[in-house]
Amino acid sequence: MQIVNSAKELRQTLDRLRLSAKKIGFVPTMGFLHEGHLSLVERCKKENDVVVVSIFVNPTQFNVSSDLENYPKDLDNDCEILERSGTDYLFLPSVSEMYNIDSSGKTVTDIKISCGEVNSVFEGAFRSGHFDGVALVVTKLFNIVGECRTYFGLKDYQQVYLISKLIQELFLPIEMVKCPTVRQESGLALSSRNARLTDKELVLANEIYFAMKEGKRMIESGITETKKVIELIKNHILKTEEIKLEYVSIVKEDTLVVPELLTDKVRILIAGWLGNVRLIDNLEVNCNSELKDELFEHHLSDSSIISERKIKV
Ligand code: PAF
């Protein structure tokens, strides 16, 4: 695996590879890799000739400075995981490679991307400016990597929704592959932030998944009133007083609009705090389906990976 710090160098290298008809796959990350990231890299490896992974903790998408400061990092471990998974290029830019920095060391973003409505609902409403920061850095990364297939996890559903809009509306030469959420066997969706949960909180965090499953069962049993299902999910979560809910909603997958009645494909969206860790999750429900299990989600069976909370090599 070659580590590249310069945007220009990466661009030139990948342009050369494209000239010899190589297909480029790209997985953007903020590091502290876990099984969820690994599943993206593995799929990327299967479907492309060249695998590029970026690790960049993007300052402009953090609205709370302590969240940025506490964001977990373990570059040595990340590099070993990526080496083993057959990554060809790790793009590891500094903040000053990606942004201009002023004399007081602050990131300057004269050029901004405004994501409109997405900023005012769900994650956008609770994390002011977050999606503008994501859209800005992802556009920069896509411009550096160039034409490619990119892999994103559905765990961050609103992010996936936003990035597919970005690609479409800015005519970016990027094909997006949406990949299933990876969960512990118990149900908890994997996230780099889980590393900050205590053992007790790791158990309590599963309630988020159980509540969504209960909502899904209710919809599949024929309840069509959105409000009723949202109430049921909220009541389930409220039984665990350690979880401080931010929102629970059910949206149409293709518009993020909350329907009055549940028809077709919808997503249950949820976010809340457990201790000082913010957790988000979502679950797809096909209102016309009798399917009882999420066949598209894979659960990890190796509990040793889970107890270590991230992959250690
Ligand atoms: O999902 C993430 O890890 C980040 O939001 C991303 C897409 C790498 C942009 O910084």
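Before moving on, here are some points about what is shown:
- Rg/Rh for region 35-191 stands at 0.94; both radii use Cα atoms, and Rh follows the Kirkwood definition.
- Dividing the convex hull volume of the alpha-carbon atoms in the chain by its residue count gives 136 Å³ per residue.
- 0 to 90° range, to nearest 10: angle between helix 75-84 axis and the chain longest Cα axis: 90 degrees
- Among the listed pairs Lys228/Lys252; Lys46/Lys178; Lys112/Lys244; Lys228/Lys265; Lys106/Lys178; Lys213/Lys252, those beyond 22 Å (Cα-Cα): Lys112/Lys244; Lys106/Lys178
- Bins of 5 Å from zero: percent of alpha-carbon pairs in region 138-228: 3, 11, 16, 15, 14, 14, 12, 10, 4, 1
- Simple spin-label estimate for Trp273 and Leu170 gives 3.2 nm between the two label positions (7 Å along the Cα-to-Cβ direction from each Cα).
- Summarising the label geometry, the points placed 7 Å from Cα in the beta-carbon direction at Ser6 and Asp76 lie 2.8 nm from one another.
- Exposure proxy ranking, count of Cβ atoms within 10 Å, fewest first, for Glu9, Glu201: Glu9, Glu201
- Leu38, Leu19 arranged by Cβ crowding within 10 Å, fewest neighbours leading: Leu19, Leu38
- Per-residue Cβ neighbour counts within 10 Å put Lys216, Lys140 in the sequence Lys140, Lys216, beginning with the fewest.
- Theoretical gain in end-to-end length, Ala125 to Phe210 [0.36 nm per residue, Cα-Cα removed]: 28.1 nm
- Difference of contour (0.36 nm per residue) and Cα-Cα distance, Ser114 to Asn143: 8.7 nm
- Angle between the chain longest axis and helix 35-47 axis [Cα atoms, degrees, rounded to 10]: 60 degrees
- Debye equation applied to the C-alpha atoms of region 175-268, log10 I(q)/I(0) at 0.11, 0.14, 0.18 Å⁻¹: -0.37, -0.59, -0.93
- Relative to the Cα centre, the charge distribution of region 1-133, modelled as +1 at Lys and Arg Cβ and -1 at Asp and Glu Cβ, gives a dipole magnitude of about 500 debye.
- Estimated from helical segments only, the mean residue ellipticity of the chain at 222 nm is -11000 deg cm²/dmol, where each DSSP H run of four or more residues counts as -39500 (n - 2.57).
- Whole-number D in µm² s⁻¹ for region 133-182, Kirkwood Cα-pair radius fed into Stokes-Einstein, 10 °C, 1.306 mPa s: 144 µm²/s
- Estimated at 0.36 nm per residue, the fully extended path between Asn235 and Glu97 surpasses their Cα-Cα distance by 45.0 nm.
Where a number appears in this text, it was derived from the coordinates with a stated rule and is not lab data. Since this is a predicted model, take the numbers as computed values, not measurements. Please note: Cβ atoms are built from the backbone with ideal geometry, for glycine as well, and neighbour counts cover all protein chains shown.
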